[in-house]
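Working notes, structure below.
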């Protein structure tokens, strides 16, 4: 991510020569956002807690299940060893969601956003830069974390002959999908943060979206509860993290696609609001 | 060069700035004066392109601020010195800003040294005193070596040494041919630094003049005299264009006549002059008088 690419020529023939060197480009804004991220301790701690939650909770839940293995043919058939070892994702999603929220709301809280927007008057490169960074950093730490949780979890479950190998169909997809799901939750957090522009509000909205909506959907009458539930962001996105087909969930990639759509819509609305208006 | 033309800015039902028109020229320090709440910060946000005028146009170096391809080179601003991430160091704060425009890392060190923060460069900006935060804000404004520098209350909270440093810095920038626009709610902070003056109150333009002209026309000199016969002297001095007033302590204050002439009139009438002095109304008094009707928040007395 260096700015060695030649800058495009000025759009107006009127601009002086210096603007060639000091033009704002998407790549430069990305670099600026990277500098901010690596010098913001909250970002480091959220990523670290995501890793600890994915690995730690995955191991913990695997230990629990090996102590209380499934009984009966039906329970054994529906047992999903991969999902057990990846269950930490359920908690880690809060850590990465909060990362997304804080990355943008911290700038609004301090007023730094005005300095940022004065330097990048088109504004949207800032949002896209943050989004790209959330997606890449969360994926970069979550892929190894998910593999570690899976491998350690399976070695634990293996004691009761419950383990599945990576070579089994759908397992690699579930492991990598867990990391990708976390990246999408990070983007949803960023979108929420950019919309409400306030850390407490953004985190509350995140909890509402991930935990509140599924609860509320449970109160819907009859088949509605199940029909609506599977399209909610968390349920839809987590379809990609399981190996055993689950009738209450969407198909893995359909679900993941739906979660991506939520993130895209949130980011799109916040982009529209960010571009206009006062900072 | 900053050109403000018929700019009005409303936030909901509140009009912060109404029909403002003025020009800030390069090569001099222009002071931007007004009581708190007069619309100074709103105007500066529009100059930096972070707020949009409701109507009218703001041009910086010949273009609307948000259309510059290399904004840090065109407009450097400080709106709020505390607008930094508290756990980020001064160096990293400036580095992140520099990255947006491909400004090299050595320039970051340059501006840090220029504002005298060299020793604190790697300390968390959240721990800075207000004076240090002001310096960091100035460093950020100067990062792209911009043609136009806009600073909101840069002297606020500085100690004597800091104020002296700031004055020198502002004059240097103007000397380099830059447009320097500096706001304050205190006349005394601006009087010794600015050569041009924009005064606003309640979002409206009150004065757009040079400091010298402002002193001459808006802050006229008065002559204060005490003599053995105030009544007679007062009558003798009476003339068209001259006003004579008796102060509470028994002295006469005369406007419209130089001290020498007052002395000569007294001498010719055989009146002994006990005290004779030329007084300039304090700029602060003039400023307060000028903006009195335009103060939004005034304590009820």
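A few comments on the model shown:
- Only one entry of B:144, B:162, B:157 meets the criterion of being over 25 Å from residue B:257 (Cα atoms), part of a helix (DSSP H, G or I) and touching a helix residue (DSSP H, G or I) at 6+ places or on another chain (Cβ under 7 Å), and that entry is B:162.
- Residue in the stretch A:105-120 that is outside any helix (DSSP H, G or I) and at negative phi present: yes
- Residue B:72 vs. criteria at the interface with chain A (Cβ under 8 Å from one of its Cβ atoms) and either surrounded by fewer than 16 Cβ atoms within 10 Å (Cβ to Cβ) or touching a strand residue (DSSP E or B) at 6+ places or on another chain (Cβ under 9 Å) (or both): no
- Filtering the stretch B:48-68 to residues that are surrounded by 23 or more Cβ atoms within 10 Å (Cβ to Cβ) and without any contact (Cβ under 8 Å) to a residue 24 or more places away in the chain leaves B:65, B:68.
- Residue in the stretch B:139-149 that is more than 8 Å from chain A (Cβ to nearest Cβ), surrounded by fewer than 19 Cβ atoms within 10 Å (Cβ to Cβ) and within 23 Å of the chain's Cα centre (by Cα) present: yes
- Answer residue from the stretch B:43-59, given it is more than 9 Å from every other protein chain (Cβ to nearest Cβ) and touching a helix residue (DSSP H, G or I) at 6+ places or on another chain (Cβ under 6 Å) and is farthest from residue A:42 (Cα to Cα) among those: B:58
- Qualifying residues in the stretch A:248-279 (those that are in contact (Cβ under 8 Å) with a residue 12 or more places away in the chain and within 14 Å of another protein chain (Cβ to nearest Cβ)) - the one farthest from residue B:48 (Cα to Cα): A:273
- Candidates A:119, A:146, A:135: the one that is crowded, with 24+ Cβ neighbours inside 10 Å and under 20 Å from residue A:234 (Cβ atoms) is A:146.
- Candidates A:21, A:26, filtered to the one that is more than 14 Å from residue A:137 (Cα to Cα), within 14 Å of chain B (Cβ to nearest Cβ) and modelled with pLDDT of 95 or more: A:26
- Verdict on residue B:251 being surrounded by 15 or more Cβ atoms within 10 Å (Cβ to Cβ) and either over 12 Å from residue B:225 (Cβ atoms) or in the same structural domain as residue B:226 (by TED's automatic domain parsing) (or both): yes
- The set of residues in the stretch A:38-76 being touching a residue at least 12 places away in the same chain (Cβ under 8 Å) and within 9 Å of chain B (Cβ to nearest Cβ) consists of A:40, A:42.
- Residue selection: residue B:8 fails the criterion of being farther than 27 Å from residue B:133 by Cβ, at pLDDT below 95 and surrounded by fewer than 16 Cβ atoms within 10 Å (Cβ to Cβ).
- Condition met for residue A:3 (modelled with pLDDT of 95 or more and within 30 Å of the chain's Cα centre (by Cα)): no
- Condition broken by residue A:267, with the remaining ones in (1) crowded, with 16+ Cβ neighbours inside 10 Å; (2) modelled with pLDDT of 95 or more; (3) more than 18 Å from the chain's Cα centre (by Cα) satisfied: (3)
- All conditions but one from (1) modelled with pLDDT of 95 or more; (2) within 14 Å of chain A (Cβ to nearest Cβ); (3) surrounded by 15 or more Cβ atoms within 10 Å (Cβ to Cβ) apply to residue B:122; the one that does not is (3).
- Annotation note: of B:260, B:264, B:212, the sole residue that is in the same structural domain as residue B:181 (by TED's automatic domain parsing) and either part of a helix (DSSP H, G or I) or farther than 26 Å from residue B:196 by Cβ (or both) is B:212.
- So residue B:104, is it farther than 16 Å from residue A:114 by Cα, within 14 Å of chain A (Cβ to nearest Cβ) and either modelled with pLDDT under 95 or touching a strand residue (DSSP E or B) at 6+ places or on another chain (Cβ under 6 Å) (or both): yes
- Residue B:77 touching a strand residue (DSSP E or B) at 6+ places or on another chain (Cβ under 7 Å), closer than 22 Å to residue B:170 by Cα and within 10 Å of chain A (Cβ to nearest Cβ): yes
- Scanning the stretch A:87-103 for residues that are buried (at least 24 other Cβ atoms within 10 Å of the Cβ) and within 12 Å of chain B (Cβ to nearest Cβ) turns up just one, A:103.
- In the set (1) away from chain B (no Cβ under 14 Å); (2) touching a residue at least 12 places away in the same chain (Cβ under 8 Å); (3) closer than 30 Å to residue A:152 by Cα, the condition left unmet by residue A:131 is number (3).
- Within the set A:209, A:195, the sole residue that is part of a helix (DSSP H, G or I), away from every other protein chain (no Cβ under 14 Å) and either free of Cβ contacts under 8 Å to residues at least 12 places away in the same chain or closer than 19 Å to residue A:255 by Cα (or both) turns out to be A:209.
- Residue A:106 in contact (Cβ under 8 Å) with a residue 12 or more places away in the chain, surrounded by fewer than 24 Cβ atoms within 10 Å (Cβ to Cβ), within 11 Å of chain B (Cβ to nearest Cβ) and over 11 Å from the mean Cα position of the chain (by Cα): yes
The values are calculated or read from the model by the stated rules, or taken from the named source; none is laboratory data. Computed from a prediction, not measured in an experiment: that's the story for all the values here. Cβ atoms come from the backbone with ideal geometry, glycine included; neighbour counts cover every protein chain shown.
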